[in-house]
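Below: the structure, in structure tokens.
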């Protein structure tokens with residue numbers, strides 16, 4: 001669990017709400033500050049979590065001195081704010097770069113100026129060998145955080161990289177539920193696979209990034225995976241909908257990776273007993289470190305952690321929709 005004051009960019013979003021839920025359940029001794037752009041999300045958030053202090057602003061254009069003043073006296077910064085819709089980002093490159101790169105720079109500089117103990121960047125499997133602008137900007141965010149770990153001595157910087165969180169904002173599961181009402185489920189590619197995590201697994205990964213990861217490292221959980229066809233089956237509440245294959249959207253891969261071969265030689269397994277039950281993660285060190293000569297990949301078409309069954313995914317969706 002966390003203690004002290006925690007500042008979350010994108011703090012009214014799905015991951016942040018999962019963190020607040022966990023903190024309440026486990027009675028963490030900490031205070032949360034939410035920083036995000038959406039007043040309506042703040043109102044919704046404070047109905048459920050009135051104890052969370054909300055500030056409105058955009059990480060890419062809020063002056064660094066103001067952002068750092070809001071971070072003052074905070075122990076941790078969790079940087080979750082981003083433009084994260086792959087297809088929309090492909091046709092809104094300027095805005096995606098503005099938020100995901102310039103905004104990340106501002107968060108780093110503000111955290112350093114505020115004397116925050118540790119700042120962690122929330123990344124994605126799309127940053128691993130990226131082919132779309134969302135992945136490219138998140139890969140750049142990773143490098144900014146990693147390089148900052150060696151520049152700013154009073155603040156530690158690290159990254160966590162993981163796959164899709166079930167039923168999070170903008171999730172394909174939400175889309176499938178909407179399409180079900182129309183009677184036609186649109187599948188991009190029947191061979192497509194993706195990594196999936198429960199909300200609590202995502203929270204555990206963030207906790208591990210804050211509590212056990214090395215300064216300047218990327219922490220990667222060994223996520224389970226599922227085909228998009230099976231995700232659709234799990235998301236549907238009844239039978240009878242037709243499937244329509246529409247082809248990949250702009251910027252999409254058939255399979256995603258969490259670790260690629262060239263960085264795998266800089267990774268090692270770390271196990272922590274600070275989480276219950278104990279978790280194991282891959283920790284990727286900064287170049288030019290080389291820990292092992294054995295190359296490997298973590299790919300969603302051959303996940304080391306295995307597959308999620310349709311029945312289990314239904315249970316995960318039911319829990320996720322309560323957040």
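The values are calculated or read from the model by the stated rules, or taken from the named source; none is laboratory data. This is a predicted model, so every value here is computed, not measured. Cβ placement follows ideal geometry from the backbone for every residue including glycine, while neighbour counts extend to all protein chains displayed.
Which residues, counting only those in the stretch 284-323, are without any contact (Cβ under 8 Å) to a residue 40 or more places away in the chain, surrounded by 13 or more Cβ atoms within 10 Å (Cβ to Cβ), in contact with a helix residue (DSSP H, G or I) (Cβ under 9 Å, 6 or more places away or on another chain) and farther than 30 Å from residue 238 by Cβ?
Within the stretch 284-323, just 296 meets the criteria.
Taking the condition of being over 30 Å from residue 278 (Cβ atoms) and assigned to a strand (DSSP E or B), how many residues in the stretch 164-184 meet it?
1
Inside the stretch 256-274, can you point out the residues that are in contact (Cβ under 8 Å) with a residue 40 or more places away in the chain and surrounded by fewer than 18 Cβ atoms within 10 Å (Cβ to Cβ)?
260, 270, 272, 274
Kindly indicate the residue of the stretch 26-52 that is in a helix (DSSP H, G or I) and farther than 18 Å from residue 199 by Cβ and also nearest to the chain's Cα centre (by Cα) among those meeting that condition.
42
Surrounded by fewer than 22 Cβ atoms within 10 Å (Cβ to Cβ) and part of a strand (DSSP E or B) - does that describe any residue in the stretch 9-25?
Checked against the condition, which is being surrounded by fewer than 22 Cβ atoms within 10 Å (Cβ to Cβ) and part of a strand (DSSP E or B), the stretch 9-25 yields no hits at all.
Scanning for something closer than 22 Å to residue 148 by Cα and either surrounded by fewer than 20 Cβ atoms within 10 Å (Cβ to Cβ) or at pLDDT below 95 (or both), does the stretch 47-59 turn up at least one residue?
Checked against the condition, which is being closer than 22 Å to residue 148 by Cα and either surrounded by fewer than 20 Cβ atoms within 10 Å (Cβ to Cβ) or at pLDDT below 95 (or both), the stretch 47-59 yields at least one hit.
Looking at the stretch 133-151, is at least one residue in a loop (DSSP other than H, G, I, E, B) and either in contact (Cβ under 8 Å) with a residue 12 or more places away in the chain or over 23 Å from residue 71 (Cα atoms) (or both)?
no
Just to be sure before I move on: is residue 158 within 29 Å of residue 72 (Cβ to Cβ), in contact with a strand residue (DSSP E or B) (Cβ under 7 Å, 6 or more places away or on another chain) and not in a helix (DSSP H, G or I) in the structure I sent?
yes
Can you go through 251, 247 and tell me which one is buried (at least 19 other Cβ atoms within 10 Å of the Cβ) and at positive phi?
251
Among (1) surrounded by fewer than 20 Cβ atoms within 10 Å (Cβ to Cβ); (2) modelled with pLDDT under 95; (3) over 30 Å from residue 5 (Cα atoms), where does residue 173 come up short?
Every listed condition holds for residue 173 apart from (1).
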